[in-house]
Amino acid sequence: GMFQSANSVYVVTKTVFFLSRLTVQGLKYLHYQGIAHRDLKPANVLVGNSHFSSLAMEDMGTVFRDRPIICKLTDFGESRSQYAQAHMSTLWSRTSRVDRGMVAYMSPEILLPERTSGPLSMVDLMCADVWALGMVFFNLVNPSQRYPYLAEVQKTTVTQRNDDIKMFVSELDRKQAK
């Protein structure tokens, strides 16, 4: 009864912490390499335990205790490299649209370009990744919500299409600015 419930909460909390830590490490590595992911969301964080498949039976207990799961960041289709921005052809390395990916995980700078003073730098894109990381954490601790702000969007007539949500957020921002 009560012990099982408390134990389940402990296991879930420990797992969320572990997933969060591994995701932070992955994003830190990308940023250290000069890469902005630009589409960080739960679907782009793969979680697995296949690292056990090549272990000898006697090593599994130790490895499972130290690293029960692994996380890998995926889907780099929207990512940008600082090296490419600085050294490659302008047409190839730069993008005219920074608002790529899933709206629910976009930072205010990306959603509301009128709030920025010109083109976004690599640092801006990396900061937007950190915002998205916070939204991923939100999703980890609130798994029943598909994305942040879902309840607010559902209270309106706004569809869940990206363009409609962008307009909704922009209108909210204008109302708060008044």
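Couple of notes before you dig in:
- With 26 Å as the limit on Cα-Cα distance, the pairs of LYS155/LYS175; LYS28/LYS155; LYS41/LYS155 that go past it are LYS28/LYS155.
- Ranking by accessible area, most exposed first, for ILE35, ILE110 with a 1.4 Å probe: ILE35, ILE110
- Solvent-accessible surface ranking, highest first, for ARG80, ARG161 at 1.4 angstrom: ARG161, ARG80
- By accessible area with a 1.4 Å probe, ligands and nucleic acids excluded, highest first: order of LYS166, LYS155: LYS155, LYS166
- Nearest-10 value in Å² for the accessible area of MET106, using the 1.4 Å probe: 20
- At the residue level, SER79 shows approximately 30 square angstrom of accessible surface with a 1.4 angstrom probe and all protein chains present.
The values are calculated or read from the model by the stated rules, or taken from the named source; none is laboratory data. None of the values given here were measured: they were computed from a predicted structure. Side chains are part of the model used for accessible areas, which takes the heavy atoms of the whole protein and leaves out ligands, DNA and RNA. Shrake-Rupley method; radii C 1.70, N 1.55, O 1.52, S 1.80 Å.
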